[in-house]
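The values are calculated or read from the model by the stated rules, or taken from the named source; none is laboratory data. It should be emphasised that the depicted structure is a prediction, and the values quoted were computed from it without experimental measurement. Using ideal geometry, Cβ is built from the backbone for each residue, glycine included, and neighbour counts are taken over all protein chains shown.
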Amino acid sequence: MTRHESLQSEESAVGLRFLYRPGARDNAPLVVLVHGRAGNRSVMWTFERGIPEDCHVVAFEGFLADPIGGWSWWDMTLPGSKRDAIVLAAGRLTKAIESFIKLYSLRPERLLGMGFSQGSVLLSAVALRGFVEFDGIAVLAGFVFQPETPLKLSKVPSVFIAHGTEDQTIPVSQARDGVEALKKLGVPVQYVEEDVGHKIGIQGTRALKAWISSVIEAASAE
């Protein structure tokens, strides 16, 4: 399907560069794609085949040029905690999502997010701090940004987590810790673990597609 590259005027309104695949109608579900470190607005489209064709899909691009190439959401080379930088980036992404929806006059019946690696951390920060009310978020080869205070969400999102046991970039233990933390907070979690590295394997990809369908179909059942 045809994808629209953001114009300079649109980027000024939204605050980030993006790549957009229009949906079938203004109230069709919207899926937000968030890339990882040193990525760009094109890399997450490998997951497009798991998203129904009638959905709106937008992939945002990080605002920070990374020294190893591409774009990132915060500087991984700085020492110490990245927590403040993550919260700052969460604010930028929140504004972009809200402004994008307003720019295109969308009324999505379902709002889903899919983040990979660094992008999944950012996406979970946006969702679990209540900045944006997601119906579901997918944490792919990443980890959950855990709130410092108890959740006070008007809408608790469904969470899908997929991770590889051979991941040398983000240890699988961090994904497992996130699963347990979310369960204690009463957040519904589906977890898929398989013997792959820093990527999503066949099992995870299939489960992700089924999870997306289940979150979207829940809208028609309400």
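Against the conditions (1) of a type outside the set (Ser, Thr, Tyr); (2) surrounded by fewer than 22 Cβ atoms within 10 Å (Cβ to Cβ); (3) modelled with pLDDT of 95 or more; (4) in contact with a helix residue (DSSP H, G or I) (Cβ under 7 Å, 6 or more places away or on another chain), VAL58 satisfies every one except (2).
The set of residues in region 175-209 being of a type outside the set (D, E, K, R), in a helix (DSSP H, G or I) and out of contact with any strand residue (DSSP E or B) (no Cβ under 9 Å at 6 or more places or on another chain) consists of ALA181 alone.
Among residues of region 37-68 being touching a Lys or Arg at 6+ places or on another chain (Cβ under 7 Å) and of a type in the set (Gly, Ala, Ser), the one that is farthest from THR205 (Cα to Cα) is ALA59.
Let's see how each residue does on (1) modelled with pLDDT of 95 or more; (2) on the phi < 0 side of the Ramachandran plot; (3) crowded, with 19+ Cβ neighbours inside 10 Å; (4) touching a helix residue (DSSP H, G or I) at 6+ places or on another chain (Cβ under 7 Å):
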position	(1), (2), (3), (4)
LEU128	no, yes, yes, no
GLY136	yes, yes, yes, yes
VAL159	yes, yes, yes, yes
ALA162	yes, yes, yes, yes
ILE170	yes, yes, yes, no
LYS184	no, yes, no, no
PRO188	no, yes, no, no
ILE202	yes, yes, no, no
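Going by the structure shown, is ALA28 crowded, with 19+ Cβ neighbours inside 10 Å, over 16 Å from the mean Cα position of the chain (by Cα) and not basic (Lys, Arg)? Quick ask: steps written out before the conclusion?
Values: crowded, with 19+ Cβ neighbours inside 10 Å: yes; over 16 Å from the mean Cα position of the chain (by Cα): yes; not basic (Lys, Arg): yes.
Spelling it out, ALA28 is indeed crowded, with 19+ Cβ neighbours inside 10 Å, over 16 Å from the mean Cα position of the chain (by Cα) and not basic (Lys, Arg).
Kindly evaluate SER214 against the criterion of being at pLDDT 95 or above, outside any loop (DSSP other than H, G, I, E, B) and over 16 Å from the mean Cα position of the chain (by Cα). Yes: the conditions hold for SER214.
When the residues of region 44-55 are filtered to those that are more than 13 Å from the chain's Cα centre (by Cα) and of a type outside the set (Asp, Glu), which remaining residue is surrounded by the fewest Cβ atoms within 10 Å (Cβ to Cβ)? Here the residue is ARG49. For LEU88, the conditions (1) farther than 30 Å from ARG25 by Cβ; (2) in a loop (DSSP other than H, G, I, E, B) are fulfilled apart from (2).
Whenever a residue of region 144-162 is within 11 Å of LEU128 (Cβ to Cβ) and in a loop (DSSP other than H, G, I, E, B), its partners that are β-branched (Val, Ile, Thr) and modelled with pLDDT of 80 or more, lying with C-beta atoms within less than 7 angstrom and at least six residues away or across chains, give the pairs PHE145/ILE86; PHE145/VAL121; VAL156/VAL187; PRO157/ILE137.
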